[in-house]
Amino acid sequence: MGRPRGGEKQRKKEHYYQAAKRHGYRSRSAYKLRQIAKDQKLLQGVDRVVELCSSPGGWTQVLKEIDSSLQIVAVDLTTMPPLEGVKFIEGDILDEKIIERIETLTGGTVDLVLSDCSPKVTGQWDLDVVRQLSLVEGTISIAHRLLSNKGKVLTKVFQGPGFPEFLKSVRKKFNSVKLIKPDASRKTSAEMYLLAIGPRGRSPHSVS
């Protein structure tokens, strides 16, 4: 998704693919999280993490590399090869039963929710954006349900039909919302990352 230009896409893809191979990362997208984590101090004050759409585990590797003490629950439709200290749930993040399992494994409250979710691409731009937006809305819903009062959610988003309205709704639910474009993302891509901090209207079980 993103309608990139072929030449630039291929060069950047090759650069991060080779770098990931050298570093032992399972995916090129690991570099996006590394850059965001550093620039935004993403893991500061974070002990418990839920990672949605985690397979093959590139982001999970980065999390453990930065802070091996993190308690991580990873979720994906596709089985993820095991990583030490990471609890994995195989299932749909939009399934209420899966969300309840996440709550059970995390104790009901986490400090950070991550999502690099993308739908299976159909090639129809508007349809792909709508499907991706559904995953993002699900991510925000889970985050608002699980995050502590100062908790954070970082999710991939695509600027397209419905995005302005979605962004407006997120600003009503969180104290701070910003859009981030890491260097590892293609400049020609519509892909960005949304970082929201401090959910409003917390339920009684939430903690600071």
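Nothing in this text is a laboratory measurement; each read-out follows from the coordinates by a stated rule. All values derive from a computational prediction rather than experimental measurement. No Cβ is skipped: glycine too gets one built from the backbone with ideal geometry, and neighbour counts run over all protein chains shown.
Please compute the length gained on full extension between Lys181 and Lys38, using 0.36 nm multiplied by the number of residues separating them and subtracting their Cα-Cα distance.
Working: separation 143, 0.36 × 143 = 51.48 nm, distance 1.32 nm.
Full extension from Lys181 to Lys38 adds 50.2 nm.
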Practice item. Can you tell me which of 173-180, 57-64 comes out highest on packing, and rank the rest after it, using the mean Cβ neighbours within 10 Å? Key: 57-64, 173-180
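Determine the equivalent ellipsoid of the range 6-199 by diagonalising the alpha-carbon gyration tensor, then write out the semi-axes as square roots of 5 times the eigenvalues, largest first, rounded to whole Å. Walk me through the intermediate numbers first.
On the way: eigenvalues 107, 88, 55 Å².
Listed largest to smallest, the semi-axes of the range 6-199 are 23, 21, 17 Å.
Based on the Cβ-Cβ distance from Leu127 to Lys87, what FRET efficiency comes out when R0 is 35 Å, to the nearest 0.05?
For Leu127 and Lys87, the calculated efficiency is 0.55.
Rank-order 118-125, 148-155 by packing density, defined as the average count of other C-beta atoms within 10 Å over each peptide's residues, highest first.
Values: 118-125: 11.8, 148-155: 22.4.
Order by mean packing, descending: 148-155, 118-125.
Given the pairs Lys87/Lys168; Lys120/Lys168; Lys41/Lys64; Lys97/Lys150, which are separated by over 23 angstrom at their Cα positions?
Details: Lys87/Lys168 33 Å; Lys120/Lys168 26 Å; Lys41/Lys64 15 Å; Lys97/Lys150 26 Å.
The answer is Lys87/Lys168; Lys120/Lys168; Lys97/Lys150.
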Review point. Using Cα pairs under 8 angstrom and six or more residues apart, how large is the relative contact order of the range 6-199, in percent?
Key: 18
Practice item. Would you work out if the range 108-208 is rounded, prolate or oblate? Take a ≥ b ≥ c from the square roots of the eigenvalues of the alpha-carbon gyration tensor; rounded if a/c is under 1.5, else prolate when a/b is larger than b/c, oblate otherwise. Key: prolate
**Study point:** Estimated distance in nm for a label pair at Leu94 and Leu167, the labels positioned 7 Å out from Cα along Cα-to-Cβ
**Key:** 2.3
